[in-house]
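Notes to accompany the following structure.
The values are calculated or read from the model by the stated rules, or taken from the named source; none is laboratory data. Every value quoted in this text rests on a predicted model; they were computed, and no experiment measured them. Backbone-built Cβ (ideal geometry, glycine too); neighbour counts: all protein chains shown. Surface accessibility is based on the protein's heavy atoms, side chains included, excluding ligands, DNA and RNA. Shrake-Rupley method; radii C 1.70, N 1.55, O 1.52, S 1.80 Å.
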Amino acid sequence: MPKSHFQSVHTWVFDLDNTLYPPHMRLFDQIEVKMTAYVMNTLGVDKPEADRLRQKYWAEHGTTLAGLMREHDLDPDPYLVAVHDISMDPLDPDPELASVIRDLEGRRIVYTNGSASYAERVLEARGLSDLFDAIYGVEHANYRPKPERAAFEAIFERDGITAQNAAMFEDDQRNLAAPHDMGMRTVLVAPTPHDAPYIHHHTDDLAAFLNKLV
């Protein structure tokens, strides 16, 4: 992986869940339980149906929240508070990751389909607070989720990001299609690689990957 591939990168955009912490910590499992409970209570359905809808809306709309908003006119803010009310106990600080992120030259931001306040809690638990110039949640994209291009455009316009001089790190491969089309360098952070044409690089160790760039 030539360092030269990132010479023009001045903005580093990181997803949060399963990207700035490894999947084996399974933090998102708690959120899925909360989402299922919220769907059950809001729509008056049983658990199997709530799980089915949660997964259906994720697949069809990008997030469960987007599906609930579009198909049931759900108020997003109470939902975001409820589903992110979880324990950070599974997370450990990562001094190595903190060190290499700190050494990246340019602007560093977090962009998540979760809420910004939730992202701040995750970063604190991982020892990554104060390393980023900005933290953006789905609320900053008018609740439009990744992978929609309009969501990325809203965040990039808000931050003043030039896509051709930025890189996107993300665990969900479908969320890299729009950044690629916009001209970004794309990095899939996941246990297994994918050969999608819009993925430039793959790593299962974010700290090790970034260490090659600083």
Seminar exercise, completed: Placing each pseudo-label 7 Å from Cα in the direction of the beta carbon, M88 and N41 end up separated by a distance in nanometres of 2.3 nm
For this session: Could you order peptides 208-214, 125-131 by the average number of other Cβ atoms within 10 Å of their residues, highest first?
Result: 125-131, 208-214
Exercise. Along segment 116-122, what does the Karplus equation 6.51 cos²θ - 1.76 cosθ + 1.60 (θ = phi - 60°) give for ³J(HN,Hα), rounded to whole Hz, x for Gly and Pro?
Worked result: 5, 5, 5, 4, 4, 5, 5
Problem set entry | Unit charges on C-beta of K, R, D, E only; dipole of the chain, Debye | 420 debye
Problem set entry | Charge dipole (debye, nearest 20) of segment 60-151; +1 at Cβ of Lys and Arg, -1 at Cβ of Asp and Glu | 320 debye
Problem set entry | Chain lengthening between K34 and V214 when straightened (0.36 nm per residue, less Cα-Cα) | 60.9 nm
For this session: Report the accessible area of I86, computed with a 1.4 Å probe over the heavy atoms of all protein chains in place, in Å² rounded to the nearest 10.
Result: 10 Å²
For this session: Could you run the Karplus curve 6.51 cos²θ - 1.76 cosθ + 1.60 with θ = phi - 60° over segment 202-211 and give me ³J(HN,Hα) per residue in whole Hz, x for Gly and Pro?
Result: 9, 8, 10, 9, 4, 4, 5, 5, 5, 4
Exercise. Using a probe of 1.4 angstrom, how much of the accessible area of segment 1-144 is carbon and sulfur, in percent?
Worked result: 47 percent
Exercise. 222 nm [θ] for the chain, helices only, -39500 (n - 2.57) per DSSP H run of 4+, per residue, to 500?
Worked result: -12500 deg cm²/dmol
Exercise. At D77 and R102, where each label point lies 7 Å from the Cα along Cα→Cβ, what is the point-to-point distance in nanometres?
Worked result: 3.7 nm
For this session: Only residues of segment 95-117 count here: report those whose backbone N is under 18 Å from the spot 7 Å along Cα→Cβ of Q55, or say none.
Result: none
For this session: For A207, put the label point 7 Å out on the Cα→Cβ axis and report which residues of segment 111-134 keep their amide N under 15 Å from it.
Result: 125-129
Problem set entry | Per residue, in Å², the accessible surface of the chain once ligands and nucleic acids are set aside, probe 1.4 Å | 46 Å²
